[in-house]
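Shown next, in structure tokens, is the structure this report addresses.
The values are calculated or read from the model by the stated rules, or taken from the named source; none is laboratory data. Since this is a predicted model, take the numbers as computed values, not measurements. Methodologically, a virtual Cβ is constructed for each residue, glycine included, from the backbone with ideal geometry; neighbour enumeration extends over all protein chains shown.
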């Protein structure tokens, strides 16, 4: 398709020598389309007017295709407009052009206008998704810009929008950021339809609501708010909607735009929204009564609210056996503390509180620090910054070079610097430990905030010793305690203490003990499972099947096979905005 | 949150500036520290004190010689350096030391306080200890020792080998429970004893002895004709911790030997190990090659003063649990009668040790290291007030009754002794 556009472009350029620019006849004289005009403009009965208007707005685009058809047996002109870059050309030929041109309109000439366009919609066009009763140019341009085919009929004030999209897109691939050993490997793609499909495929409940809207004056980005009706608290949904509705910006390219526009405390270094690239994680947040925000153009799905401790949980915690998950979670908390505190603790102790170091360790610290030119603070700052630089370089550099950088970095820091006596080996250990520990935090945005806060803490340690570190921690704690994420306290199950939520905070209790949804999030419909699912040996209080008398499989449709493996047309068939799907007429 | 953004930023900046003004005043990089392992106090001429400290050389001690090769150490780098100064008070001496110490002397990791016997006998202990009690750098777990030998020999000689006295002395004391031949006295206990009404203080004894094994080597070398080779070797000296320095009031009064020291510990209930050898049968003496060695597992004691008809006496109840470790006579250890007999012998041996300690402390030094006075004070506070002025005299003639309960718990892996059958 790309070559197609390109050759067309070249031809156009060749055709009109006088050069590019605004010399071409343009009804709007280079001005941007004003949204006011678009909103009010109605579709005219006169096809010519419509043509002129639309070509005036969109005509300078190389990929705009207009097509006039005069079906046999009827004295009416049918006009199609679409962008060939976004529309499915084969589909158009198969399900619009062929039926229209091969159909014989015998005896239909005398029909009134409305009936004629209804006839086309109901009996001729074979495309699955058609939106009818479109009267404004605003709707038409919107649809065309997202790949829909607009069909005008001479003499009708109505247009049909036929959804036949096919644009270049990345398929569903393996998760890059949130990698798990056990569990699904799928991750979201850049297309919102694919993402919505991935969520729906895992949550086949009529209670799952995916509401759509558009954000971005120019980008017209499709955004969807998803929640599980009956579990989520309605106030939360309302809050998310009102905050998202407030957004008025020219473009939304990534979830970060929305995050910064709707978070509770705009200055806080702590992330107040979670994001995930994993459909399974998103579904689990929905099941916990959270609200998700899907954004077209990014594989990251936002979810709210989040608490500090949520960020230390990986989806795999719930898939792997609970003993291991609990141990790993505790280790992650340790990692969090290390990544936040180790350098500042080291600085404070070695420069102010040497009596706290075990004698033997002190002796070796002194031995290794002898001859190091920098004081411990500067040494730590330099090393930490070097490490951050290496990490940044490792991310940005082309993959082929990345390896070389890490080798050079390891050599420079690990060996040469120590051998030259510029830094002490202990500091290398501290920095390395800090680095490793910060990689242990599953939520990347949280790890970032820890990485950042580390530096002021180091300065505090250097000036005030452990007292300074404690002051910094206390300030941080006070801030976190006052922080809210969409109304939920940021330190949620800990402060205010919700004992029953601790089952899934520092530890992960086995599934049969996780009876309730998080109480901080869910106010009604708290029970998430039957009361006694703990496996018991048969004969003791009944066999396993009699434990739960309710038919557990009742909800799963028998037709699961239909949805099973092939999700090939997920991206192509669906309408751009989920909410608009419902407007499609039946065939 | 009434502050607007600008004000918040200003506040933050001001705090940052303030930090740079106030912070860092007591900031000290680790490598600027002179870590001190031993502080030793000695008598100097003209009634002055001599303070010697052992500064650790971390590079040698940490084996960090490889680090960058910086410093270019000689092969004979010693792991420590002793420096000393003379003055009227300890603090004065320490500050005098700063005239030639390139480091800031740092006492928080000091583990040993050495007092020479001469000083202990001639200077009031309260005037020595005040500094250690007052200074925030000294920990309460510093060991307090009185040295029989010259201070410099204790701090110097063994250091030629890998382990300097700084590490050697605490390491030895950590094994105190294996012999119980000296009390484990830490600064905290020492100060507590000192300030407690009705107790006298004691400290560990330390001395330097020639290494017996090396003496024998040299003798053997001479008889073998390798005299030339052997003579070049110097006989190493060993530090030995043992015995107890007993104070009477402010001054040191004398020594308890190792057995007597254990006698003291029995009364204190602090014998948690050590070996006692008794004859297998009561009529024998231990020297007859027919003896049983027992290791003490634990020991409890209770001191009960009795005041009956104007007569004060003290009953000391000692409970001991021991195991049999070595048997040199042919006996059936599973026989209860035999076990009972050696239990009795064990109790007898303990009694001997305690009585020796009591005799020395009560009659020779008149030092109430057992804390009988305190026990009386606690039980009969009213009477104590009357007794206190004459306590020294009363203590000297205080009847002490011992009730010793010795038990043997185990006999090792075998019940019958090893025997050669012909």
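Residue-by-condition table, conditions (1) in contact (Cβ under 8 Å) with a residue 12 or more places away in the chain; (2) under 28 Å from the mean Cα position of the chain (by Cα); (3) outside any helix (DSSP H, G or I):
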position	(1), (2), (3)
B:387	yes, no, no
B:390	no, no, no
B:403	yes, yes, yes
B:409	yes, no, yes
B:416	yes, no, yes
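So, in region A:309-335, of the ones that are surrounded by 15 or more Cβ atoms within 10 Å (Cβ to Cβ) and assigned to a loop (DSSP other than H, G, I, E, B), which residue ends up nearest to the other protein chains (Cβ to nearest Cβ)?
Here the residue is A:313.
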Which residues, counting only those in region A:424-434, are crowded, with 20+ Cβ neighbours inside 10 Å and more than 12 Å from chain B (Cβ to nearest Cβ)? A:430, A:431, A:434
Do the conditions hold for residue A:338, that is, is it at negative phi, within 11 Å of chain B (Cβ to nearest Cβ), surrounded by fewer than 21 Cβ atoms within 10 Å (Cβ to Cβ) and touching a helix residue (DSSP H, G or I) at 6+ places or on another chain (Cβ under 9 Å)? no
Quick check on residue A:347: is it within 14 Å of chain B (Cβ to nearest Cβ), without any contact (Cβ under 8 Å) to a residue 24 or more places away in the chain and either over 27 Å from residue A:181 (Cβ atoms) or surrounded by fewer than 21 Cβ atoms within 10 Å (Cβ to Cβ) (or both)? no
Out of A:426, A:374, report the one residue that is outside any helix (DSSP H, G or I) and within 47 Å of the chain's Cα centre (by Cα). A:374
When restricted to A:417, A:404, the only residue within 11 Å of another protein chain (Cβ to nearest Cβ), free of Cβ contacts under 8 Å to residues at least 40 places away in the same chain, more than 30 Å from residue A:467 (Cβ to Cβ) and in a helix (DSSP H, G or I) is A:417
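What number of residues within region A:486-504 satisfy the criterion of being more than 18 Å from residue A:272 (Cβ to Cβ) and in a loop (DSSP other than H, G, I, E, B)? Lay out the reasoning, then the answer.
Taking region A:486-504 and keeping what is more than 18 Å from residue A:272 (Cβ to Cβ), we get A:497-504.
Those left that are additionally in a loop (DSSP other than H, G, I, E, B): A:497-498.
Selection size over region A:486-504: 2.
Let's see how each residue does on (1) more than 20 Å from residue A:353 (Cα to Cα); (2) modelled with pLDDT of 85 or more; (3) more than 8 Å from every other protein chain (Cβ to nearest Cβ):
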position	(1), (2), (3)
B:1	yes, no, yes
B:7	yes, yes, yes
B:29	no, yes, no
B:41	yes, yes, yes
Test set (1) within 14 Å of another protein chain (Cβ to nearest Cβ); (2) surrounded by 13 or more Cβ atoms within 10 Å (Cβ to Cβ); (3) assigned to a loop (DSSP other than H, G, I, E, B) - residue A:441 fails condition number: (1)
If residue A:378 satisfies all but one of (1) surrounded by fewer than 20 Cβ atoms within 10 Å (Cβ to Cβ); (2) more than 14 Å from chain B (Cβ to nearest Cβ); (3) within 30 Å of residue A:474 (Cβ to Cβ), what's the number of the condition it fails? (2)
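Is at least one residue of region B:357-369 over 21 Å from residue B:258 (Cα atoms), crowded, with 20+ Cβ neighbours inside 10 Å and under 30 Å from the mean Cα position of the chain (by Cα)?
no
Having 1 or more residues that are under 24 Å from residue A:478 (Cα atoms), assigned by TED's automatic domain parsing to the domain that holds residue A:214 and in contact (Cβ under 8 Å) with a residue 12 or more places away in the chain is the bar; report the helices (runs of 4 or more DSSP H) wholly within region A:234-305 that clear it.
Passing ranges, in order: A:255-262.
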Taking region B:107-127 and keeping only residues that are more than 16 Å from residue B:205 (Cα to Cα) and either within 14 Å of chain A (Cβ to nearest Cβ) or part of a helix (DSSP H, G or I) (or both), one is left with B:107, B:108, B:109, B:110, B:122, B:126, B:127
Please indicate, with yes or no, whether at least one residue in region A:273-283 is closer than 16 Å to residue A:215 by Cα and either within 14 Å of chain B (Cβ to nearest Cβ) or touching a strand residue (DSSP E or B) at 6+ places or on another chain (Cβ under 8 Å) (or both). no
Do you know which residues across region A:138-161 are in contact with a helix residue (DSSP H, G or I) (Cβ under 6 Å, 6 or more places away or on another chain) and either free of Cβ contacts under 8 Å to residues at least 40 places away in the same chain or in a helix (DSSP H, G or I) (or both)? A:138, A:161
Tell me yes or no: at least one residue of region A:231-241 is surrounded by 21 or more Cβ atoms within 10 Å (Cβ to Cβ) and closer than 29 Å to residue A:218 by Cβ. yes
Taking region B:322-337 and keeping residues buried (at least 17 other Cβ atoms within 10 Å of the Cβ) and part of a strand (DSSP E or B) leaves B:322, B:324, B:327
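Give B:95, B:140 a once-over and let me know the one that is assigned by TED's automatic domain parsing to the domain that holds residue B:37 and either closer than 17 Å to residue B:242 by Cα or in a helix (DSSP H, G or I) (or both).
Working: B:140 fails: either closer than 17 Å to residue B:242 by Cα or in a helix (DSSP H, G or I) (or both).
Checking each option against the conditions leaves just B:95.
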From the list A:388, A:384, which residue is under 13 Å from residue A:454 (Cα atoms), assigned by TED's automatic domain parsing to the domain that holds residue A:448 and crowded, with 20+ Cβ neighbours inside 10 Å? A:384
Condition first: under 11 Å from the mean Cα position of the chain (by Cα), closer than 24 Å to residue B:88 by Cα and within 14 Å of chain A (Cβ to nearest Cβ). Can you find one or more residues in region B:163-180 that meet it? no
If we scan region A:457-468, do we find a residue that is within 11 Å of chain B (Cβ to nearest Cβ), surrounded by fewer than 17 Cβ atoms within 10 Å (Cβ to Cβ) and assigned to a helix (DSSP H, G or I)? yes
For region A:514-539, which residues satisfy the criterion of being over 27 Å from residue A:496 (Cα atoms) and within 27 Å of the chain's Cα centre (by Cα)? none
Need the failing condition index for residue A:289 against (1) within 14 Å of another protein chain (Cβ to nearest Cβ); (2) modelled with pLDDT of 90 or more; (3) surrounded by 22 or more Cβ atoms within 10 Å (Cβ to Cβ), just the number. (1)
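Results for (1) surrounded by fewer than 16 Cβ atoms within 10 Å (Cβ to Cβ); (2) within 19 Å of residue A:370 (Cα to Cα); (3) modelled with pLDDT under 95; (4) within 14 Å of chain A (Cβ to nearest Cβ), shown as yes or no for each residue.
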position: B:56; (1), (2), (3), (4): no, yes, yes, yes
position: B:104; (1), (2), (3), (4): yes, yes, yes, yes
position: B:129; (1), (2), (3), (4): no, no, yes, no
position: B:158; (1), (2), (3), (4): no, no, yes, no
Over region A:43-72, the set of residues part of a helix (DSSP H, G or I) and touching a strand residue (DSSP E or B) at 6+ places or on another chain (Cβ under 8 Å) is A:47, A:50, A:51, A:54, A:55, A:58
